[in-house]
1. Identify the residues of the range 47-70 with backbone N under 20 Å of a label point that sits 7 angstrom from the Cα of residue 25 along the Cα-to-Cβ direction, or state none.
2. Quick check on the chain: of the DSSP beta bridges with both residues there, what percent are antiparallel, nearest 5%?
3. With a cut-off of 8 Å between alpha carbons and a minimum separation of six or more residues, what is the relative contact order of the chain in percent?
4. Expected output is a single nm value to one decimal: the length gained when fully extending between residue 107 and residue 201, i.e. 0.36 nm times separation in residues minus the C-alpha distance. What is it?
5. Per residue of the chain, what 222 nm ellipticity follows from adding -39500 (n - 2.57) for every DSSP H run with n ≥ 4, rounded to the nearest 500?
6. If I model a spin label at residue 1 and residue 66 as a point 7 Å from the Cα along the Cα→Cβ vector, what separation in nanometres do I get?
7. Stretch residue 73-residue 141 to full length: gain in nm at 0.36 nm per residue minus the Cα-Cα span?
8. Apply 1/(1 + (r/R0)^6) to the Cβ-Cβ distance of residue 94 and residue 155, taking R0 = 25 Å, and write down the FRET efficiency to the nearest 0.05.
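Read-outs: derived from the displayed coordinates by stated rules, not from any lab. Predicted, not measured: the structure shown is a model, and the values here were computed from it. Every residue, glycine as well, gets a Cβ built from its backbone with ideal geometry; the counts of neighbours run over all protein chains shown.
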């Protein structure tokens, strides 16, 4: 019987690579979009569905994108964040992983994955935090459960280099202030994505094989 995993999915570079990572590893992958009612989510969800449609065409093990709505309504520190501190959403990863775990358990799945790199210095973006969260879920469940963060400690360019042949980078979307269906081009997430695309173009097929 094939292993199953719920992947927290937003349609950005890391979460797209995470779906590819588990699909290549032989898992049945259940991508999950967690909605917090944030202003950019409408466009983000549309783009995320496009990415998953592409990946489903390439990997039979990728399931349709599911959506859950969280009652938690976080606020960003700026309308168009241009720095790490302005980008922080308190308890975001805690909320994502909790929703992911509840969704997974409802399907009899005991594994949830998030594409955090750990680069932002936020309290819920550290290896110790994810390990503690996993232990807490296990204790509350009285059974086994894994909160997996396979890219933690990697840089974006490392993730791209490893999975580039399988990444539909042109379909990915990372913007917290979209304008008329497109990226704003000004926020820190837009800059990160532009950097990712520049990195991708710098690699040859030989240097980017998994």
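1. Within reach of a label on residue 25, which here means backbone N under 20 Å from a point 7 Å along Cα→Cβ, the range 47-70 contributes 52, 55-56, 58-66.
2. Details: 1 of 16 bridges.
Given both bridge residues lie in the chain, the antiparallel proportion sits at roughly 5 percent.
3. 25 percent
4. 29.9 nm
5. Working: 7 runs with 87 residues, N = 210.
Roughly -13000 deg cm²/dmol at 222 nm, from the helical runs in the chain.
6. 1.6 nm
7. Numbers: separation 68, 0.36 × 68 = 24.48 nm, distance 2.55 nm.
Separation in residues times 0.36 nm, less the Cα-Cα distance, equals 21.9 nm.
8. On the way: r = 24 Å, r/R0 = 0.95.
Computed FRET efficiency for residue 94 and residue 155: 0.60.
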